[in-house]
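First up is the structure itself, then whatever we jot down about it.
The values are calculated or read from the model by the stated rules, or taken from the named source; none is laboratory data. The structure displayed is predicted, hence computed values, not measured ones. Here Cβ is always computed from backbone atoms with ideal geometry, including for glycine, and neighbour counts include all displayed protein chains.
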Amino acid sequence: MTPNKRPLPRRRRLALAATVAGSALLMTACGSSPEPASEASAAPGTTASAAAGSPIPRVALTYDGGIVVLDGTTLEPEGDLPIAGFTRLNPAGDGRHALVTVPEGFQVLDLGTWTDSSGSQQAEPKLTDLMFEADAAGHVVQHADKTILYADGTSDTTIYTTDDLLEDPDKLPTTETIDGDEAHHGVSIVLEDGTFLTTVGNSESRSGIKVLDADGNEIATSDECPSIHGEGTAMNEVVVFGCSDGALVYDDGRITKIPAPDEFGRMGNAYVSETSSIVAGDYKSDPDLEGYLLHQLTLVDTKAKTMKVVDLPEGVEYTFRDVARGPDGEILILASDGALHSMDPETGEITDSLPVIDAWEGPVEWQDPHPALKVVGSTAYITDPASKKLHAVDVATGGITSSDELPGVPNEIAVVEG
């Protein structure tokens, strides 16, 4: 991250021809589902394409029994790797590897993508024997050229220089471990100057964060964030954590609690852009709400230290997997109406919508396969469990490319840029 980086000029987020936000919502209100766009209907070159010598992305998707790896441009299969049980995927941050959560820790998945002067692919994907050991592997965070691994079973944090994983394919990079206090489901982050932020809690509850300087001295702490979960770093290295009653913001040595406008107002995940001071968060104001579909989104202004809640239009619901930031900092939402919606982070208004998949229902359990959204560059990757496909949407043009049927129902997704 570059502190004080100016936001990029805003461009049109989704090119929809005659389709506008209201039309997608109208189709949902009438009870009809938009037809998913097919690869045949997408104009040539409408998805991310790699010129010679430029990075070539790859996409990893878990399914029951394996991980399938696709070319991120053509969506053609590059490999199918067997693995047992439910697994989570996290990009390692180096453009080539992903980290797979397994009982022993974080296993390194080599997606085999990088470029030389001709732009050619260099290797087939493989699940390596390299393992960052962790008791109950949890969150993975990349920031300031570091990859930070959190172990829920110990609350220990393992840190390594991100690109060091590229140096030797048969050896783990040198790591630093910061011991935790009490085990809990948590997360840590390291800022550019070495400042270390980590959550505080135990097996029964979670309460806030503590902040250490580069020498390990505690410089700030807060216990005002019940059920703390998730983190995100916005413009100027302002870090936001979600609480069950608002959000906690760390900004240049100071911690600020931003209360939710509702008595119960849970923010569980932060969706950030390094060019925006606005952080989007999933939001739940009804503690008795059943299921995982949400119909509100919170916008945290990290400059003003304020929070506002946006009620989404009828039929526009989402889960924690369905929100991301676009190339210009816009908020992208893959909603249960099957459309990809673009929201202005300043106003909270939906500015464009694009039908991509059929309408879908929320999962019974959060681990169950349901549509997910990942954005890399100007491409939004959308999983479609109902059709067992992956779709790539060019955010700039609205063009859609679809994969062939996958070997299983897609669940977790990770994308590396090459």
Original post:
If a residue has to be in a loop (DSSP other than H, G, I, E, B) and either surrounded by 23 or more Cβ atoms within 10 Å (Cβ to Cβ) or modelled with pLDDT under 95 (or both) to count, how many in the range 253-271 make the cut?
Top reply: 1
Original post:
When you go through R206, R266 one by one, which is the residue that is among the basic types (K, R) and under 21 Å from V190 (Cβ atoms)?
Top reply: R206
**OP:** List every residue pair whose Cβ atoms sit under 9 Å apart, with the two residues 6 or more apart in sequence or on different chains, where the first one lies in the range 93-115 and is outside any loop (DSSP other than H, G, I, E, B) and the second, anywhere, is surrounded by fewer than 20 Cβ atoms within 10 Å (Cβ to Cβ) and acidic (D, E).
**Re:** G105/E133; G105/D135; F106/E133; Q107/D129; V108/D129; D110/E124
**OP:** Please verify whether the range 296-309 includes one or more residues that are in a loop (DSSP other than H, G, I, E, B), within 20 Å of W360 (Cα to Cα), touching a residue at least 24 places away in the same chain (Cβ under 8 Å) and in contact with a strand residue (DSSP E or B) (Cβ under 9 Å, 6 or more places away or on another chain).
**Re:** no
Original post:
Would the range 246-254 turn up any residue that is over 24 Å from Y271 (Cα atoms) and not β-branched (V, I, T)?
Top reply: no
**OP:** Within the range 272-295, track down each residue that is more than 17 Å from E317 (Cβ to Cβ) and in a loop (DSSP other than H, G, I, E, B).
**Re:** V272, S273, E274, T275, S276, S277, P287
Original post:
Which of the residues spanning the range 314-329 are closer than 24 Å to G246 by Cβ and surrounded by 19 or more Cβ atoms within 10 Å (Cβ to Cβ)?
Top reply: V316, E317, Y318, T319, R321, D322, V323, A324, R325, G329
**OP:** Would you check which residues across the range 322-349 are more than 16 Å from A234 (Cα to Cα), touching a residue at least 60 places away in the same chain (Cβ under 8 Å) and part of a loop (DSSP other than H, G, I, E, B) and list them?
**Re:** D337, G338
Subject >> Residues located in the range 250-286, provided they are closer than 21 Å to D328 by Cβ and over 17 Å from the mean Cα position of the chain (by Cα) >> reply: S277
Original post:
Which residues, counting only those in the range 144-169, are in contact (Cβ under 8 Å) with a residue 40 or more places away in the chain, farther than 18 Å from I209 by Cα and in a strand (DSSP E or B)?
Top reply: K146, T147
**OP:** Can you work out which of the residues in the range 211-228 that are in contact with a Cys (Cβ under 8 Å, 6 or more places away or on another chain) and closer than 22 Å to I178 by Cβ is surrounded by the most Cβ atoms within 10 Å (Cβ to Cβ)?
**Re:** I228
Original post:
Quick one: is T177 assigned to a loop (DSSP other than H, G, I, E, B) and of a type in the set (V, I, T)?
Top reply: no
Subject >> Candidate set from the range 358-396 (those that are among the small types (G, A, S) and more than 19 Å from the chain's Cα centre (by Cα)); member that is modelled with the lowest pLDDT >> reply: A396
Original post:
Would you say L406 is of a type in the set (A, V, I, L, M, F, W, C) and within 22 Å of V68 (Cα to Cα)?
Top reply: yes
Subject >> Total residues in the range 384-418, condition hydrophobic (A, V, I, L, M, F, W, C), farther than 21 Å from A98 by Cα and in contact with a strand residue (DSSP E or B) (Cβ under 7 Å, 6 or more places away or on another chain) >> reply: 3
Original post:
Would you pick out the residues in the range 195-230 that are at pLDDT 95 or above, out of contact with any helix residue (DSSP H, G or I) (no Cβ under 9 Å at 6 or more places or on another chain) and within 24 Å of T275 (Cβ to Cβ)?
Top reply: L197
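Here is a yes/no grid of residues against (1) over 19 Å from D384 (Cα atoms); (2) of a type in the set (S, T, Y); (3) surrounded by fewer than 23 Cβ atoms within 10 Å (Cβ to Cβ):
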{"site": "G281", "(1), (2), (3)": "yes, no, no"}
{"site": "T306", "(1), (2), (3)": "yes, yes, yes"}
{"site": "L312", "(1), (2), (3)": "yes, no, yes"}
{"site": "A335", "(1), (2), (3)": "no, no, no"}
{"site": "H341", "(1), (2), (3)": "no, no, no"}
{"site": "S353", "(1), (2), (3)": "no, yes, no"}
Subject >> Test: residue in the range 231-244 that is surrounded by fewer than 18 Cβ atoms within 10 Å (Cβ to Cβ) and assigned to a loop (DSSP other than H, G, I, E, B) >> reply: no
Original post:
Which one is nearest to the chain's Cα centre (by Cα) among residues in the range 287-319 that are modelled with pLDDT of 95 or more and charged (D, E, K, R)?
Top reply: E317
**OP:** Give me a count of the residues in the range 56-80 that are small (G, A, S) and touching a Lys or Arg at 6+ places or on another chain (Cβ under 7 Å).
**Re:** 1
**OP:** Might you check whether a residue that is outside any strand (DSSP E or B) and of a type in the set (A, V, I, L, M) occurs anywhere in the range 363-375?
**Re:** yes
Subject >> Within the range 397-415, considering residues that are in a loop (DSSP other than H, G, I, E, B) and among the hydroxyl-bearing types (S, T, Y), the one surrounded by the most Cβ atoms within 10 Å (Cβ to Cβ) >> reply: S403
Subject >> Conditions (1) at pLDDT 95 or above; (2) crowded, with 18+ Cβ neighbours inside 10 Å; number of the one not met by P173 >> reply: (2)
